[in-house]
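One structure is given below, encoded as structure tokens.
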Amino acid sequence: MLACIPTASLFGVDADPVTLEVQVHSGLPCTTVVGGPDATCREAKERVRAAFASCRFEWPNKRVTINLSPAWQKKRGSAIGLAMAVGVLLASEQLPAASIVGYSFLGELGLDGAVRPVVGVVPLAEAAGGDPLVVPAGQVVDAELARGRVVGVAHLADLVRALKGEAPWPLPRADRPVRRRPPGPDLSDVRGQALARAALEAAAAGGHHLLLTGPPGGGKTMLAERLPGLLPTLSPSEALEVTKIHSAAGTLPNGSGLIDSPPYESPHTTASAVALIGGGSSQLRPGAISLAHRGVLFLDELGEHRPVVLDCLRQPLEEGVIRIHRAVGSATLPARFLLVAAMNPCPCGEGGASRCRCQPGERLRYARRLSGPLLDRFDLRLHVPRADPEELLGEAAGESTAAVAARVAAARQRAAGRGMSVNALVPGSRLDELAPLDRAARRLLAGLLARGGLSARGLHRVRRVALTLADLEGVDPPLTEQHVGTALGLRAELATLQAAS
Ligand SMILES: [Zn+2]
């Protein structure tokens, strides 16, 4: 008898529907899995056999062929275990075929028959056909994000009893927990640092990448941590997209529901290329740049990251996706993040003529570690000095995250009115139309271009930031000399940043 069970297999941040076919026919007793299984898929049959023994089901004493269709697609992971068990039960007539009509199954089986959680349940649930979908008990809330009717089971024996109608399905939880992540740190904790706060606000409003340099203790990390709070809450479709990525990476705790606030990722300087960019030898797992999709990627000590790893950032910064090609396959993963990077002015970290212990040559080499093209991606570059003690001890708290976020939301609304999600993505060819300059602003920029103080690409970036500043003020273009001047002030050259230290 032939059994066909719908399930799914994960690759990258997406999953593909898989039909698992089981046939039991006469011949020497043996079990084969065909149809492009990876090692974990092939091992699943051993787990299923052991689970059968634990649940007192009978493994057919015949030839069992398990086919994963379509055969040209590689199947990965252990999530097909539950479907495999149901398929063998059906093909060996221990379960009536009518009992599973419409169902699809996802879950890893333990040797004792327990149904264990799977990595990537959200994209898997989206891809698996069938209605209802059976998933591990702890992952019902997550699977429901992607599709309608979902039931959870904790054990293979429970599943079989429920399918046969001998016992009721486990009751769905009456309360659907709304999980809000606790709010991040508030911007009002940052005292002083007026220019850095303005840059942070512009970064949030216009989606401009931000580079902060300065000595330790200036509050660079403190500023970066407060950026996600300034970004708008994710729309339902964005939230599902982000949740799928975190589910596929295995970083989403079971039952945690939708991620509706912009994520924040800060990989350590020792992070490998795979950890940062994504990849891996069997599964293509998303890296930090994909986990930061629609949120903030903070790279502290930018100069300490390996240059070859940093160079991998150029494509996602330009295109919003990362294409990964490995022996196991190729995938395009989303990676549209806001990059905030911090670096010390020099190797000793102190900067400044009086404190720095570095040789001039050392300082130069340190600055050269970063490639020009990467530095060029930062629309906003500024020096963050150590805060003035007077301001730190002063009574006046800074403006709160809520107040700044409201201005950011209004500015983004104006950009949306022009058909752009954020100003950082305005194409150069449309700047004349969307970000026209008044006469004084034009003169200021023409002077800089003539003196070689600004490249053509730099000019575009300054105009985009100036447009964001106008949006934050709530005024329509043409951009004034003041907008352009402020934008230029927020885009210091690296040499200037070091001199300021
Ligand atoms: Zn130094």
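Selection of segment 335-345 for residues being assigned to a loop (DSSP other than H, G, I, E, B) and away from the ligand (no atom under 16 Å from the Cβ) yields A335, R336, F337. Among the residues making up segment 92-110, those that are in contact with an Asp or Glu (Cβ under 9 Å, 6 or more places away or on another chain) and at negative phi are S92, Q94, Y103, S104. Taking Q359 as the residue in question, decide whether it is within 16 Å of the ligand (Cβ to nearest atom), of a type outside the set (V, I, T) and more than 28 Å from G192 (Cα to Cα). Here the answer is yes, as Q359 does meet what is asked. Listed conditions (1) in contact with a helix residue (DSSP H, G or I) (Cβ under 8 Å, 6 or more places away or on another chain); (2) closer than 25 Å to M420 by Cβ; (3) surrounded by fewer than 24 Cβ atoms within 10 Å (Cβ to Cβ) are all met by R226, apart from (3).
Can you find a residue in segment 79-95 that is closer than 15 Å to L156 by Cβ and surrounded by fewer than 20 Cβ atoms within 10 Å (Cβ to Cβ)? Yes. The residues in segment 362-383 that are surrounded by fewer than 18 Cβ atoms within 10 Å (Cβ to Cβ) and either hydroxyl-bearing (S, T, Y) or assigned to a strand (DSSP E or B) (or both) can be counted, and the count is 1.
Does S92 fit the bill of being in contact (Cβ under 8 Å) with a residue 60 or more places away in the chain and hydroxyl-bearing (S, T, Y)? When the stated conditions are applied, S92 passes them.
Among the residues that make up segment 431-449, is at least one of them over 19 Å from R197 (Cβ atoms), touching a residue at least 40 places away in the same chain (Cβ under 8 Å), charged (D, E, K, R) and in a loop (DSSP other than H, G, I, E, B)? Yes, because at least one residue in segment 431-449 is over 19 Å from R197 (Cβ atoms), touching a residue at least 40 places away in the same chain (Cβ under 8 Å), charged (D, E, K, R) and in a loop (DSSP other than H, G, I, E, B). Every residue in segment 84-119 that is closer than 17 Å to S54 by Cα and assigned to a helix (DSSP H, G or I), please. Answer for segment 84-119, where residues must be closer than 17 Å to S54 by Cα and assigned to a helix (DSSP H, G or I): M84, A85, V86, V88, L89. Here V340 qualifies as open to solvent by less than 30 Å² (accessible area, probe 1.4 Å) and modelled with pLDDT of 90 or more. Among the residues of segment 243-250, is any of a type in the set (G, A, S) and touching an Asp or Glu at 6+ places or on another chain (Cβ under 9 Å)? Yes; the residues of segment 243-250 include at least one that is of a type in the set (G, A, S) and touching an Asp or Glu at 6+ places or on another chain (Cβ under 9 Å). The single condition among (1) among the basic types (K, R); (2) at pLDDT 90 or above; (3) surrounded by 18 or more Cβ atoms within 10 Å (Cβ to Cβ) that K164 does not satisfy is (3).
Each residue in segment 384-411 was checked for being modelled with pLDDT of 80 or more and part of a loop (DSSP other than H, G, I, E, B), and 5 pass.
So that you can scan it fast, the table gives a plain yes or no per residue for (1) of a type outside the set (A, V, I, L, M, F, W, C); (2) open to solvent by 40 Å² or more (accessible area, probe 1.4 Å); (3) touching a Lys or Arg at 6+ places or on another chain (Cβ under 7 Å):
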position	(1), (2), (3)
G419	yes, yes, no
G428	yes, no, no
R439	yes, yes, no
L445	no, no, no
L449	no, yes, no
A456	no, yes, no
R463	yes, no, no
D471	yes, no, yes
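Scanning for something part of a loop (DSSP other than H, G, I, E, B), touching a strand residue (DSSP E or B) at 6+ places or on another chain (Cβ under 7 Å) and within 28 Å of Y366 (Cα to Cα), does segment 316-330 turn up at least one residue? Within segment 316-330 (the criterion being part of a loop (DSSP other than H, G, I, E, B), touching a strand residue (DSSP E or B) at 6+ places or on another chain (Cβ under 7 Å) and within 28 Å of Y366 (Cα to Cα)), the answer is no, since none of the residues qualifies.
Each row is one residue, and each column tells you yes or no for (1) within 16 Å of the ligand (Cβ to nearest atom); (2) crowded, with 22+ Cβ neighbours inside 10 Å; (3) among the polar types (S, T, N, Q); (4) not in a loop (DSSP other than H, G, I, E, B).
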site	(1), (2), (3), (4)
L276	no, yes, no, yes
S282	no, no, yes, no
V308	no, no, no, yes
L333	no, yes, no, yes
P347	yes, no, no, no
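For segment 224-261, name all the residues that are of a type outside the set (A, V, I, L, M, F, W, C) and free of Cβ contacts under 8 Å to residues at least 40 places away in the same chain. Before you say what the answer is, go through the steps one by one.
Here is the first cut: in segment 224-261, the ones of a type outside the set (A, V, I, L, M, F, W, C) are 225-226, 228-229, 232-233, 235-238, 241, 243-244, 246-247, 250-251, 253-257, 260-261.
Those that are of a type outside the set (A, V, I, L, M, F, W, C) and free of Cβ contacts under 8 Å to residues at least 40 places away in the same chain: T233, S235, P236, S237, P253.
In segment 210-252, of all residues being in a helix (DSSP H, G or I) and among the hydroxyl-bearing types (S, T, Y), the one that is farthest from S282 (Cα to Cα) corresponds to T221.
Selection of segment 44-78 for residues being closer than 18 Å to F105 by Cβ and open to solvent by 70 Å² or more (accessible area, probe 1.4 Å) yields only R49. Against the list (1) touching a strand residue (DSSP E or B) at 6+ places or on another chain (Cβ under 9 Å); (2) under 30 Å from D38 (Cα atoms); (3) open to solvent by 20 Å² or more (accessible area, probe 1.4 Å), the condition E304 fails is (2). Please tell me if S354 is more than 14 Å from Y366 (Cβ to Cβ), without any contact (Cβ under 8 Å) to a residue 60 or more places away in the chain and within 16 Å of the ligand (Cβ to nearest atom). Yes: the conditions hold for S354. Restricting the search to segment 167-196, which residues are farther than 25 Å from A51 by Cα, in a loop (DSSP other than H, G, I, E, B) and at pLDDT 85 or above? Those that are farther than 25 Å from A51 by Cα, in a loop (DSSP other than H, G, I, E, B) and at pLDDT 85 or above: P185, D186. Of the residues making up segment 108-161, those that are buried (at least 24 other Cβ atoms within 10 Å of the Cβ) and touching a Cys at 6+ places or on another chain (Cβ under 8 Å) are G113, L156. Residue count for segment 1-26 under the criterion of being small (G, A, S) and modelled with pLDDT under 90: the result is 2.
The values are calculated or read from the model by the stated rules, or taken from the named source; none is laboratory data. Just so it is clear, the structure is predicted and the values come from calculations on it, not from any experiment. Please note: Cβ atoms are built from the backbone with ideal geometry, for glycine as well, and neighbour counts cover all protein chains shown. Remember, those area values only see protein heavy atoms, side chains included, never the ligands or the DNA or RNA. Shrake-Rupley method; radii C 1.70, N 1.55, O 1.52, S 1.80 Å.
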